[in-house]
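What follows is a short report on a single structure.
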Amino acid sequence: MVRRKRESLPPAISRDDYPSKRRRHSMFEISASNHGVSSSSRKWVFSSENCSDCTDTIVVVSYNILGVENASNHMDLYSNIPRRFLEWGRRKRLILDEINGYNASILCFQEVDHFDDLDDLFQNNGFKSSYKARTGEANDGCAIFWKDKLFSLLHQEDIEFQKFGLRNNVAQLCVLEVNNDNPESDTCKLTSEKQSTRNNRFVIGNIHVLFNPNRGDIKLGQVRLLIDKAYKLSQEWGNIPVILAGDLNSVPQSAIYKFLSSSKLDVQLHDRRNMSGQLEIRPNHRYFRSKIGDDASISMSVSRQMLYKWSAEELILATGTKGVTQLQHQLKLRSAYSGIPAGKLRTRDDIGEPLATSYHSKFMGTVDYIWHSEELIPVRVLETLPIDILRRTRGLPNENWGSDHLAVVCEFAFAKSAESSDSCDLP
């Protein structure tokens, strides 16, 4: 949902009242199930920052919805799940109901292989969409949905990583404009050379990174390419804010995460086979222990004096340039969840990321994120579920949740400075 400045709320509603006013829309209740899960809920947690000077707000959802084909091809991951919970007809309704409860304005979905079904459902709720299927033999892809009355689509482009030697994964990038003046307008036909400064604009990116834990070179290359293209789009449209969402198949303690958060990475200090941390055993955080097997586990502890051997081909895939080992990107990115203090439900790790956004028989951990540039301020995020609650389900999807991932959700506000850009003198 897009809202105006906080000051524009009716006088009878103070900012202190705002969280309780929204509370009836801010939870998706989990009823007691036959797995013994007690009643609980996903709750919004608000930023401690003063957002009174911020402008339009948008609610962004990133959600790996579990492809039907992927589920059927990997039934060993769902050995504890009753077959009826994997039926697409049932899962798609749960996903729709869940999204409706978040009052979302932008949806970034991954593992979409029944796009027409979703498009029909969400069109009825006022969403327009863009879909990009994976290349190769896979039938799933990525999809971005946005509320038609709230945004105009100014530009869109897709990334086929296969063209860069980076497997068959894909990513999407859209430039959207907030419809302040004419909320019912059709897709805007403006180009970047004819920008108006009246309404906020931003880049939204969506990606599903390669799963294979051993190919950190390809994973890093995909993330690098998305960031580079998002930055270029931001510059072309007047240095506008950027939001990047998706399933990165990388945990918060990984080199991939470090590259996103710190803007730089010395590739040689990391093992290509564990750039994502998916196989990492962390004794002090048993929740992240991979059940793939101890023999496959690789320590992420790297001596500063030790340089890992990368082949010339691997370095090119990772960095995009021959002979380069130091990577740096131009976007100053922050993770939405790490920017808001955790609530009381013990759902976060020590850097503020959710403890788990995915749970099946061979993995429990966090791989889903929403990243943003500094021109956007996280107003609130939706907490995930406590680990004990998740464990009682014995795996996802279940009676209440339509995927083996949990949606990550953040409401952003545009900082006042975001209204000013290099294009401020344009008509």
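Quick note: the coordinates plus some simple rules give every number you see, no bench work behind them. No experiment lies behind these values; they were computed from the predicted model shown. Counting neighbours? That spans all protein chains shown, and the Cβs are built from the backbone with ideal geometry, glycine included.
Tell me whether segment 42-90 comes out rounded, prolate or oblate; compute the Cα gyration tensor, take square roots of the eigenvalues as a ≥ b ≥ c, and use a/c under 1.5 as the rounded threshold.
Taking the square roots of the gyration eigenvalues as a ≥ b ≥ c, segment 42-90 is prolate.
So if R0 is 22 Å, what FRET efficiency would SER311 and SER263 give, r being the distance between their Cβ atoms, rounded to the nearest 0.05?
About 0.30, to the nearest 0.05.
Enumerate the whole-percent occupancy of each 10 Å bin, from 0 to the last occupied one, for all C-alpha pair distances of segment 105-182.
For segment 105-182, the binned pair fractions read 19, 45, 27, 8, 1 percent.
How much length, in nm to one decimal, is gained on full extension between SER72 and GLU87, taken as 0.36 nm per residue of separation minus their Cα-Cα distance?
Additional length available on full extension: 4.4 nm.
At what distance in nm do the modelled label points of GLU49 and LYS362 sit from each other, each positioned 7 Å from its Cα along Cα→Cβ?
It is 4.0 nm.
Taking the simple approach of a point 7 Å from Cα along Cα-to-Cβ for both ASP350 and ARG391, what is their distance in nm?
Rounded to a tenth, the inter-label distance reads 2.0 nm.
Using a/c under 1.5 as the rounded threshold, could you call segment 44-143 rounded, prolate or oblate? The axes a ≥ b ≥ c are square roots of the C-alpha gyration tensor eigenvalues, and prolate needs a/b larger than b/c, oblate otherwise.
It comes out prolate by the Cα gyration axes.
Enter the Cα centre distance for the pair segment 50-120 and segment 219-250, rounded to the nearest angstrom.
When both Cα centres are located, 22 Å separates them.
Measuring from the lowest to the highest alpha carbon on each principal axis, how far does segment 307-408 reach, largest first, in angstroms?
50, 36, 25
Which order do peptides 331-337, 153-159, 384-390 fall in by mean Cβ count within 10 Å, highest first?
Going from most to least packed, we get 331-337, 384-390, 153-159.
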